[in-house]
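We did not get these values from a lab; they are worked out from the coordinates using the rules stated. Just so we're clear, the structure is a prediction, and the values are computed from it rather than from any experiment. Here the Cβ positions follow ideal geometry from the backbone for every residue, glycine too, while neighbour counts run over all protein chains shown.
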Amino acid sequence: MNTGIECPVCGKDKFEDFSDLDACSVCGWKINVVQYDDHDYSNGNNALSVVECKLEWSLLNNEKTKEKAQKLKSEFTEAMYGLRREFREKGRIKSGITCDEIRQREIKERENYVERLEELNKA
């Protein structure tokens with residue numbers, strides 16, 4: 001990926017076009033036309049908005065915050081996988097959990113994660 005659309009998170013890689021299904025080889029951001037145009041949008045191919053991904057990226061690449069940021073990211077990733085696993089394993093009908101309830105829990109997890117990233121950034 002040398003020519004095309006620059007990754008809005010790290011700026012170090014490029015996508016051929018918006019139909020490209022690859023993730024950035026440097027930071028892992030997956031191209032999303034809505035998120036590319038609206039850096040505050042946090043839905044779609046990426047759990048975090050571009051703004052949130054930039055914060056995460058900067059903390060993961062700062063020697064002072066790298067270790068704590070990696071731990072926070074790991075906890076967030078596991079929590080998100082856990083929600084999806086719970087939904088898949090129990091099934092919507094048996095568990096009584098709706099898609100909207102799962103989505104609301106995912107939003108709360110993301111908000112909590114971003115809040116913790118912002119606290120780490122201020123420290």
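Here are the numbers for this structure:
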quantity	calculated
Sparsely packed trypsin sites (Lys or Arg not before Pro) within segment 23-73, loop by DSSP, other Cβ within 10 Å at most 13	LYS64
Ellipticity estimate at 222 nm from DSSP helix runs (n ≥ 4, -39,500 (n - 2.57)) divided over the chain, nearest 500	-18000 deg cm²/dmol
Segment 1-61: C-alpha gyration tensor shape, a/c 1.5 cut-off, then a/b vs b/c	oblate
In degrees, nearest ten, helix 99-122 long axis to first principal axis of the chain (Cα)	50 degrees
Local net charge near ILE107, Cβ-Cβ under 12 Å (Lys/Arg +1, Asp/Glu -1)	-1
Relative contact order [Cα under 8 Å, 6+ residues apart], segment 5-122, whole percent	18 percent
Cleavage-rule hits, GluC sites (Glu not before Pro), segment 17-89, DSSP coil, Cβ neighbours within 10 Å at most 12	GLU63
Mean projected area (nm²) of the alpha-carbon convex hull when segment 5-122 is viewed from all directions	7.9 nm²
Among CYS99, CYS24, CYS53, residue whose mean-square fluctuation peaks in a GNM of the chain (springs only between Cα atoms under 10 Å)	CYS99
Net charge over other residues, Cβ less than 13 angstrom from the Cβ of LYS122 (K, R count +1; D, E count -1)	0
